[in-house]
Amino acid sequence: VRRYFGGKMNPIRLEGPWEDGVALDMHIFRSEFIGEDDQGRAQFDTTRTEIGEAVYQLKYQGDEAKVVFLAQKAFQYIDCHWNRLCEMIVPSPPSRVRPKQPVELLAIEIGRLLDLPVASDVFQKDLSGEIKDLQEKEAKKAALQKTIRIENKSQIVGRRILLLDDIYDNGATSGFLTALLREAGALEIRFLCLSKTRG
């Protein structure tokens with residue numbers, strides 16, 4: 001018997017080069033421009049979804065207590081829709097250096113709930129540049145090709161992979177990572193992202 005947890009979730013299908021892909025909810029429910037600060041930077045009144053707020057608090061405010069809630073929501077979706085279709089969790093590589101990487105923390109907790117191994121060392125990434133700030137999909141893809149590679153290919157050959165990320169934007173990163181996993185011999189890839197931007 002599976003016990004599921006409270007909290008809203010509105011899964012969104014993500015089209016891409018994977019067998020199946022989903023974001024658990026939008027990241028932002030509403031955002032209104034309210035002016036500029038003293039330095040001329042745009043300011044917004046932003047309302048996030050419940051999952052979007054939890055992702056924001058974890059990723060940008062360092063609130064590791066949100067890991068449990070987010071992992072439980074991911075577990076609920078995976079257990080209902082992809083039961084026994086995933087053999088290993090591979091977290092997306094981080095966008096910048098942090099003391100603890102949110103996606104890896106989530107992968108570990110989701111892996112614990114699903115009793116799946118987590119391969120955090122599959123992707124190797126040069127963190128000297130800020131790829132996430134690139135808006136154009138092709139520019140982002142070109143930058144990704146220069147900075148991310150796969151190590152320890154033997155872990156994923158013939159395996160059914162759950163690729164995990166926190167925020168989905170235009171799909172450039174997730175599509176690139178999926179292609180790398182396939183080239184390295186992954187059998188199937190399902191992509192789960194916790195929240196999706198409006199882009």
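Let's see how each residue does on (1) under 30 Å from V157 (Cβ atoms); (2) touching a residue at least 40 places away in the same chain (Cβ under 8 Å):
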site	(1), (2)
L14	yes, yes
V22	yes, yes
R30	no, no
E36	no, no
R41	no, no
H81	yes, yes
C86	yes, yes
V97	yes, no
**Asked** From the set of residues in segment 163-189 that are open to solvent by 20 Å² or more (accessible area, probe 1.4 Å) and of a type in the set (S, T, Y), which is modelled with the lowest pLDDT?
**Response** T173
**Item:** Qualifying residues in segment 46-73 (those that are within 17 Å of R98 (Cβ to Cβ) and polar (S, T, N, Q)) - the one modelled with the lowest pLDDT
**Value:** Q61
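Listed here are the residues, each with its yes/no results for (1) aliphatic (A, V, I, L, M); (2) surrounded by fewer than 18 Cβ atoms within 10 Å (Cβ to Cβ); (3) more than 23 Å from N10 (Cα to Cα); (4) at pLDDT 90 or above.
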| site | (1), (2), (3), (4) |
| --- | --- |
| G111 | no, no, no, yes |
| Q135 | no, yes, yes, no |
| E138 | no, yes, yes, no |
| E151 | no, yes, yes, no |
| G158 | no, yes, yes, yes |
| F191 | no, no, no, yes |
**Fill in**
Among strands (runs of 3 or more DSSP E) entirely within segment 1-99, at least 3 residues that are in contact with a helix residue (DSSP H, G or I) (Cβ under 9 Å, 6 or more places away or on another chain) and of a type outside the set (K, R) occur in 20-26, 88-91
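The values are calculated or read from the model by the stated rules, or taken from the named source; none is laboratory data. Since this is a predicted model, take the numbers as computed values, not measurements. Quick reminder, even Gly has a Cβ in these numbers, built from the backbone with ideal geometry, and neighbours come from all protein chains shown. Ligands, DNA and RNA are excluded from the accessible area calculation, which covers all protein heavy atoms including side chains. Shrake-Rupley method; radii C 1.70, N 1.55, O 1.52, S 1.80 Å.
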